[in-house]
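Take a look at the structure below.
The values are calculated or read from the model by the stated rules, or taken from the named source; none is laboratory data. Since the structure is predicted, the reported quantities are computational estimates derived from the model, not experimental observations. Please note: Cβ atoms are built from the backbone with ideal geometry, for glycine as well, and neighbour counts cover all protein chains shown.
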Amino acid sequence: MPEKTTPLGDAALVVELGTRIDTALNSRCHALAAALEKRSGVKEAFAGYSTVTVHYDPDRTSFTALKAAISKLLKAKPRVGPSGRLHRLPVTYDGPDLAESAELLGLTTLELVRRHSQPIYRVFMVGFVPGFAYLGPLPPTLQLPRRRVPRTHVPAGTVAMAGEQTGVYPLPTPGGWHLLGRTSMPMFLSDNDPPSLLRPGDRVKFHPI
């Protein structure tokens, strides 16, 4: 689809490049964000799954100027940077939803663990709470809708999945994903710089233990 650029107030805009969860599309978003951050007047540009949000100084640039620059950059196809770091996360697959998820998918628990730990996932973006990395895409054979009734408390380190996504809860929070297991690897340490272990563009491989 052609890009769609929309103002967000008088000092920000959002560029929509698509509507799907896709590694190549997300890579284009990150490449565009990196190119825009080099432009005069741009304060910050960050990528979502298929969008780029840009905050700018209206005294130094404008929505019209940035919209034209975005179209030009996309036609020139900004260079996609190299893949991020590869993280190997040990996981104990003993989550409270493991057996139920396997049953809903028509799999054994061992097969669910095998299929979930087989791919190398991409970090599409980080959000929801500090350090929560949205990983994917999840194989179609593992996709389930979110739980009908979310939990009020999910422990830090919990590995979960929902829809086309999987991830690790970095902090104790409410959550509506299916809980498969847990990792001992800290996802968020406030004293670190950066505090989040996973960053957009990184890759993650789960290893059953």
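Taking the stretch 143-170 as the search range and keeping residues that are part of a strand (DSSP E or B) and among the small types (G, A, S), which one is surrounded by the most Cβ atoms within 10 Å (Cβ to Cβ)? Step through it out loud before you land on a result.
Our first condition is that a residue be part of a strand (DSSP E or B); within the stretch 143-170, this holds for 151-154, 158-162, 165-168.
Adding the requirement that they be among the small types (G, A, S) leaves 160, 162, 167.
On the way: A160: 24, A162: 17, G167: 26.
The selected residue is G167.
Quick one: how many residues across the stretch 172-189 are of a type outside the set (S, T, Y) and touching a Gly at 6+ places or on another chain (Cβ under 7 Å)?
Step one: list which residues in the stretch 172-189 are of a type outside the set (S, T, Y), which gives 172, 174-182, 185-189.
Filter again for touching a Gly at 6+ places or on another chain (Cβ under 7 Å), leaving 179-182, 187-188.
Total meeting the criteria: 6.
Spot the failing condition for K67; the list is (1) of a type outside the set (D, E); (2) surrounded by 14 or more Cβ atoms within 10 Å (Cβ to Cβ); (3) touching a strand residue (DSSP E or B) at 6+ places or on another chain (Cβ under 6 Å); (4) in the same structural domain as P145 (by TED's automatic domain parsing), and only one is missed.
Unmet condition: (4).
Which of the residues belonging to the stretch 19-46 are in contact with a Lys or Arg (Cβ under 7 Å, 6 or more places away or on another chain) and either in the same structural domain as P139 (by TED's automatic domain parsing) or hydroxyl-bearing (S, T, Y) (or both)?
T23, S40, listed by residue number.
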